[in-house]
Every structure is written in C-alpha cells, then in structure tokens.
1. Exactly one of these conditions fails for Arg263: (1) in contact with a strand residue (DSSP E or B) (Cβ under 6 Å, 6 or more places away or on another chain); (2) surrounded by 15 or more Cβ atoms within 10 Å (Cβ to Cβ). Give me its number.
2. Is it the case that some residue within region 177-184 is assigned to a helix (DSSP H, G or I), outside the structural domain of Val58 (by TED's automatic domain parsing) and touching a Phe, Trp or Tyr at 6+ places or on another chain (Cβ under 8 Å)?
3. Of all residues in region 354-381 being closer than 19 Å to Ala294 by Cβ and of a type in the set (Ser, Thr, Tyr), which is surrounded by the fewest Cβ atoms within 10 Å (Cβ to Cβ)?
4. Scan region 314-373 residue by residue and report those that are part of a loop (DSSP other than H, G, I, E, B) and small (Gly, Ala, Ser).
5. Within region 129-176, restricting attention to residues that are of a type in the set (Val, Ile, Thr), under 16 Å from Ala228 (Cα atoms) and surrounded by fewer than 23 Cβ atoms within 10 Å (Cβ to Cβ), which residue is nearest to the chain's Cα centre (by Cα)?
6. Arg378: of a type in the set (Lys, Arg) and without any contact (Cβ under 8 Å) to a residue 24 or more places away in the chain, yes or no?
7. Does Ala233 satisfy being exposed (fewer than 15 other Cβ atoms within 10 Å of the Cβ), closer than 30 Å to Gly334 by Cβ and among the hydrophobic types (A, V, I, L, M, F, W, C)?
8. When you check Glu138 against the structure, is it farther than 30 Å from Gln39 by Cβ, out of contact with any Leu (no Cβ under 9 Å at 6 or more places or on another chain) and in a helix (DSSP H, G or I), yes or no?
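The values are calculated or read from the model by the stated rules, or taken from the named source; none is laboratory data. Treat the numbers as computed from the prediction; the structure is a model and nothing was measured. Here Cβ is always computed from backbone atoms with ideal geometry, including for glycine, and neighbour counts include all displayed protein chains.
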Amino acid sequence: MPRLRSASRILCGALAFATVTVASLGAPTAPAMAQEASQAGFGRFVEGLWPAAKARGVSRATFDEAFRGVAPDPKIIALTRKQSEFVRPIWEYINGAISAQRLERGRAMAAQWDKTLDMVERTYGVPRAVVLGVWGMETNFGSFTGSIYAVRALATLAYTRYRGDFFKGELLTALEILEGEHIDRSRMLGSWAGAMGQTQFMPSSFMKYAVDGNRDGVRDIWSSVPDALASTANYLRQHGWEPGLPWGFEVQLPRGFDFRNHRHNFASWSRIGLKRMDGSAMPRSGEGTLFLPAGAGGPAFLVTDNFAVIKTYNSSDAYAMGVAHLGDRVMGGGPIRGAWPKDEPMLDKDQRQEVQQRLLRLGFYRGETDGKLGSMTREAVRNFQLRHSLVPDGYADSALLRELRAAR
C-alpha cells in the first residue's frame, strides 16, 4: 500500500524562519545580518521553485510541508571539498574500504540474502559480487544509510549552485517522490548529497530505476533489501552492463612490456604475455583495457566496459575499484597482489589542478580543472606521454608535473 502523507501540520508559505526584529535586540552584528540576508535569499530561492514544482504535479501542501523549517546547512558545503575518493591515494581508499570488519559483515549479509541475490543475478545478469560491492561501499551493507533530511541537503546544494543546476533538478524530483507518497518526509534521510536508501540512489535514479524486488507493490529502497539490491542491479543493467563479462581482474605484465599497448581482446592480451594474477584463464571473448591506477610501478588490471558501468554510479576510479574489489573479496577472492608505490607522495590539490591546466593549455585536455583526476585526465596524461616518448601509463605524479612544466 502507498505510504500516507505525514499528519503533521502543513504551514502556509515555503519556509518558517524564526526572525528577531532589530527593535527587540538593538543593532544586529555583521554576522547576524549576513545570516539573516542568507536566510532571506534562501527563502526567495525556495519560493522561486514553486512554479517548476507545480508543473511536475507537486501540490502546494506537499511543497510547503517538504520545506517546513528547512534552512541551508553549512556543513554540507564543507563536505563537497572532502570527497575521499578524489583526494586520497587509491591504495589508502581501497584499504579503508576492504576492512576485516566490512568483509565479515559482507559475507554474513551475502549468506543471509543468498536467495535474493540469486533472483537479482537471474533477472538482471549483474553478478552478486558487484551488487554486494555497491551495497558495501555505499552503506556498509545497510548499517548506515544517512541521517540528513534529503530535501535540506539538496536545497543547500541547489541554492549554492554546486555543480550548476544538477541539484536543483534532483530537489524537484525529491518533491515528486514525496508527492507520490513513496516515502514519508520523516524517513527521507540520506547522505550530504541527497543520496538515499540502502544503495544510495539520487532522487532521479529512484524514479527511473527503482524496482519492487520483493513484489509487495512498493519500491522501497530505504528498508527493503530485495528492493534495494534489485534496483541497483537494474540501474547497472540499464546503464549498459554486459552479462557474462567480468568488470576486470588483476594481471601480471611480462618483462619488457610495451606500455603503448592499451586495449585489445583477451586473446591478444594472452599472446602479448599478460597473465591473470590468480592463475585462471582469460575470458574467451571480450576486450580489456589496461588500467594502471598507480602508474607503471603499481598493480596492473585489465578492465572491461563493465568497469565503466560501475563508474556511472560514481565517476571516481578509486570508487569503482573499491566496489569491484570489495565484491570479489566478499565472494572469496584474494587481495590485490601488486605492490602500491606508497613511498611516492600524492600530488596535492593545487598540483593536480596545475596538471589539468597545463594539459588544457597544451591541447590534451578539455575537462574541468578541478583537481579531480578521473578518466578524462588519465587519458590526457597518456596522450601527452605518448607525444613526448614517456611511459604512457596515464599516471599523474611529480615526475609528470615536471615534464608538463618543461613542455612547450
């Protein structure tokens, strides 16, 4: 049955700010004036959303109730600058994700939900390891799904125009979710970015990809594990997951390997001399791209197009590796065997931005110079390395930055 709307009192107007007059307290301080101005601006922003919300079928009652008592959250803005998957070395990020405690919990949950995972694999063709990896990375297998009211998080990000108009659209979709009574306001909790539920769907992902995994007539990603896992698999399948193809695997490179080799079918990789680190055979079909997350001196992987599908959940290479490796470990796979170059300090944010800026000026890069070194930056680095007869591993370190500074 659809959930009933909260019975709490619905206020008229978009916001209910507690204001104190100058007459009652005397002249306000500069911080107080700034806060009052910010609240007034936020109130105007919220009221300005009403026409768009109404056009999406949101009632005024739902709109007013959704924003009751909502004010911007300054802590959320600070969190936008601390996304660990972009600012920590990948080996630290992965080691943090693959803790003994998380593996123990993951294996217990995999056993508990074995029949559900069977259903998910049969229905969507996405391996249970990958679904478990997402579940574990996002909420530690449902142990913490977030405590921030999603509308407040999204409104804060939309008001400050973090990532342009993206969060404005997500905010309006969140109002549609409330209007449709998919979840009560009191339970619409999630992350600082407005992601919700067991596997942290953004509102637009909920509307497009959430499914009723337990067939009770409700799409409940918050408290129903079958719904959450099936929805995650549906999301991945709809984003291009190819059944029967792995995400990738660790490989051992032959002595004297030519790093200009980048993408081949698996048979060709075998002829070149690459071997799977676990000793198993290469897939009989499909292609793999060489992925060197810490450069030529670190572990090597062949990743497939399914690895890129994982990245549609979160565009970070480190996140996708965390999902993939966590899922493999939960299902009994071994640890990464290649040695990480832990003695090499990671570039700081200013240096990472400088890498992107120099690549941009030299014509190798067309993305944002935000210091987040993702796949676009890696490809630009690789092309620069090829042009300058360097080892084309796509890895940005201090040596690469020195080469960029010397380039004309």
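1. Of everything listed in (1) in contact with a strand residue (DSSP E or B) (Cβ under 6 Å, 6 or more places away or on another chain); (2) surrounded by 15 or more Cβ atoms within 10 Å (Cβ to Cβ), Arg263 misses just condition (2).
2. no
3. Ser375
4. Ser315, Ser316, Gly332, Gly333, Gly334, Gly338, Ala339, Gly363, Gly367, Gly371
5. Of everything passing the filter in region 129-176, Thr139 is nearest to the chain's Cα centre (by Cα).
6. Here the answer is no, as Arg378 does not meet what is asked.
7. For Ala233, the condition - exposed (fewer than 15 other Cβ atoms within 10 Å of the Cβ), closer than 30 Å to Gly334 by Cβ and among the hydrophobic types (A, V, I, L, M, F, W, C) - is not met.
8. yes
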